[in-house]
């Protein structure tokens, strides 16, 4: 019976490690979706195809994992008298807290607040390109670290479970 309990403890700890590893993969997928959404947004603004709210809705449709961010911005823009810059800051803050995003990502996304000022489309596109470059750097760094991080979380889960099982037995 003790052996069964120890085995269950190791399996549970291993699953916790696997869940943490899956979270790291999810953050990388989220970055990819953000890049796709920003690409669509940039194209919409660059070609002046639609207004900002409609461009945000199209970006939300193109990036399912980040759709909440872009759709939230479109909703904020529907409020009469709401300026785009403060709306972006509020939406990014809420979204990053809800998604539990850390590191440089919230700061990078907050840089777009300046893009939604009284600028011409070309200036907004330049801001979007800068943010895209920063997100690409962040994505590449996370991608380079992903295998090691996933392996680390898995090992920590199993080793933590084994240690707890040995201490309890």
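Take residue 58 and tell me if it is surrounded by fewer than 21 Cβ atoms within 10 Å (Cβ to Cβ), without any contact (Cβ under 8 Å) to a residue 24 or more places away in the chain and within 21 Å of residue 35 (Cβ to Cβ).
yes
Report yes if some residue within the range 143-165 is within 17 Å of residue 43 (Cβ to Cβ) and loosely packed, with under 15 Cβ neighbours inside 10 Å; otherwise report no.
Let us first name the residues in the range 143-165 that are within 17 Å of residue 43 (Cβ to Cβ), namely none.
The answer is no, given that none of the residues of the range 143-165 is within 17 Å of residue 43 (Cβ to Cβ) and loosely packed, with under 15 Cβ neighbours inside 10 Å.
Considering only the range 8-55, how many residues are under 21 Å from residue 151 (Cα atoms), surrounded by 15 or more Cβ atoms within 10 Å (Cβ to Cβ) and free of Cβ contacts under 8 Å to residues at least 24 places away in the same chain? Residues that pass the stated criteria total 0. Of all the criteria given as (1) farther than 27 Å from residue 51 by Cα; (2) in a loop (DSSP other than H, G, I, E, B), the one not satisfied by residue 81 is (1).
For residue 48, state whether it is modelled with pLDDT under 90, in a helix (DSSP H, G or I) and over 20 Å from the mean Cα position of the chain (by Cα). Spell out the reasoning first.
Values: modelled with pLDDT under 90: yes; in a helix (DSSP H, G or I): no; over 20 Å from the mean Cα position of the chain (by Cα): yes.
Considered against the rule, which asks whether it is modelled with pLDDT under 90, in a helix (DSSP H, G or I) and over 20 Å from the mean Cα position of the chain (by Cα), residue 48 comes out as no.
Identify all residues within the range 133-142 that are without any contact (Cβ under 8 Å) to a residue 24 or more places away in the chain and buried (at least 18 other Cβ atoms within 10 Å of the Cβ); write none if there are none.
Scanning the range 133-142 gives no hits.
Here is a yes/no grid of residues against (1) in contact with a strand residue (DSSP E or B) (Cβ under 6 Å, 6 or more places away or on another chain); (2) in contact (Cβ under 8 Å) with a residue 24 or more places away in the chain; (3) closer than 17 Å to residue 32 by Cα:
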site: 78; (1), (2), (3): no, yes, no
site: 86; (1), (2), (3): no, yes, no
site: 91; (1), (2), (3): no, no, no
site: 102; (1), (2), (3): no, no, yes
site: 109; (1), (2), (3): no, yes, yes
site: 131; (1), (2), (3): no, yes, yes
site: 157; (1), (2), (3): no, yes, no
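Checking the conditions here, which among 101, 112 is more than 24 Å from residue 22 (Cβ to Cβ), surrounded by 15 or more Cβ atoms within 10 Å (Cβ to Cβ) and within 16 Å of the chain's Cα centre (by Cα)? I'd like the intermediate steps shown before the answer.
Values: 101 fails: more than 24 Å from residue 22 (Cβ to Cβ).
Step by step, each of 101, 112 is checked, and only 112 is more than 24 Å from residue 22 (Cβ to Cβ), surrounded by 15 or more Cβ atoms within 10 Å (Cβ to Cβ) and within 16 Å of the chain's Cα centre (by Cα).
Evaluate the following for residue 143: is it within 30 Å of residue 12 (Cα to Cα) and at pLDDT 90 or above? If you could, list the steps in order and put the result at the bottom.
Working: within 30 Å of residue 12 (Cα to Cα): yes; at pLDDT 90 or above: yes.
In short, yes.
Among the residues making up the range 61-77, those that are farther than 17 Å from residue 93 by Cα and in a helix (DSSP H, G or I) are 61, 62, 64. Of all residues in the range 78-88, those satisfying the criterion of being surrounded by 18 or more Cβ atoms within 10 Å (Cβ to Cβ) and at pLDDT 90 or above are 87, 88. Looking across the range 91-121, the residues that are outside any helix (DSSP H, G or I), under 20 Å from residue 44 (Cβ atoms) and in contact with a helix residue (DSSP H, G or I) (Cβ under 9 Å, 6 or more places away or on another chain) come down to 117, 119.
The values are calculated or read from the model by the stated rules, or taken from the named source; none is laboratory data. Model, not experiment: these values are computed from the prediction. Positions of Cβ are backbone-derived with ideal geometry, glycine not excepted, and every protein chain shown enters the neighbour counts.
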